[in-house]
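Trainee: Got a structure here, written out as structure tokens. Questions coming.
The values are calculated or read from the model by the stated rules, or taken from the named source; none is laboratory data. Bear in mind that the values here come from a model prediction, so they are computed numbers and not experimental data. A quick note on method: Cβ atoms are made from the backbone with ideal geometry, for glycine too, and the neighbour counts reach across all protein chains shown.
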Amino acid sequence: MVKKIKIFNSDVEYEVDYRNVKYPRLEFKTGKLHLILPRNYEGEDKLLHNHKKWILKKYKLIGSAIKASKKKKLNNLSVSELKRLIVDYIDDNSKLVKPNRVAFKTMKSKWGSCSTSKTLTFNTLLRYLPRSLIQYVVYHEITHLREKKHNSKFWNLVSKKFKNYRSKEKDLFIYWFLIQETKSKKN
């Protein structure tokens, strides 16, 4: 069920999901506020009130990304073209450490991942991005083979190849919402 909360002058829609979790959390992974709450949790209003500044900040950030997405265009590589492109980028950029496996699947909230078993998994939605962003995502995941966390060492490694990585991250955020918008229009 969709609910609304008024935060300052903005009406923010949210959904609540009760699960077998120990602690409550707030997520904006897909652009909508989602409360993940333990079963029988009774502090929903307090949780929202305590995090209203964070909620408003994320809400505005997503709003500006959606607005910026109107100026972007999607590419449309086939999945097989995407796979070849990514494998080529991996071969070109993984001199020091190589993945044990490369996988592809459609993911709900991220462009790629790196497992502890050194499997790199890439979102097939990358096929809609410009090649420069695909290349960035591949390099980002390859870097996780050397440094797992998004800490200063990780970003220093990324910045050696992509000085403008913050701009790339912002573009990925913008494209995410453009793809979601395009998908919802098709359904």
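Trainee: Among the listed residues LYS105, LYS58, identify the single one that is within 27 Å of GLU15 (Cα to Cα), out of contact with any Cys (no Cβ under 7 Å at 6 or more places or on another chain) and not assigned by TED's automatic domain parsing to the domain that holds SER167.
Mentor: Residue meeting the stated conditions: LYS58.
Trainee: When you go through SER78, SER94, SER113 one by one, which is the residue that is exposed (fewer than 13 other Cβ atoms within 10 Å of the Cβ), over 24 Å from GLU15 (Cα atoms) and of a type in the set (S, T, N, Q)?
Mentor: SER78
Trainee: Return the pairs, sorted by first residue and then second, in which the second residue is part of a strand (DSSP E or B), the first residue lies in the range 20-41 and is among the charged types (D, E, K, R), the beta carbons are less than 6 Å apart, and the residues are 6+ apart or on different chains.
Mentor: Filtered contacts from the range 20-41: ARG25/ILE36; GLU27/HIS34; ARG39/TYR18.
Trainee: Inspect the range 25-42 for any residue being more than 21 Å from ILE174 (Cβ to Cβ), over 15 Å from the mean Cα position of the chain (by Cα), in a helix (DSSP H, G or I) and of a type outside the set (D, E, K, R) and give the result as yes or no.
Mentor: The answer is no; no qualifying residue exists.
Trainee: Also, I was wondering about something else. Can you find, within the range 17-54, the residue that is surrounded by the fewest Cβ atoms within 10 Å (Cβ to Cβ) among those that are under 18 Å from SER109 (Cβ atoms) and among the aliphatic types (A, V, I, L, M)?
Mentor: VAL21
Trainee: Which of the residues belonging to the range 109-152 are touching a Phe, Trp or Tyr at 6+ places or on another chain (Cβ under 7 Å), without any contact (Cβ under 8 Å) to a residue 24 or more places away in the chain and in a loop (DSSP other than H, G, I, E, B)?
Mentor: GLU147
Trainee: Could you grab me the full set of residues in the range 148-170 that are closer than 15 Å to GLY112 by Cα and of a type in the set (D, E, K, R)?
Mentor: Hits for the range 148-170 are LYS148, LYS149, LYS168, GLU169.
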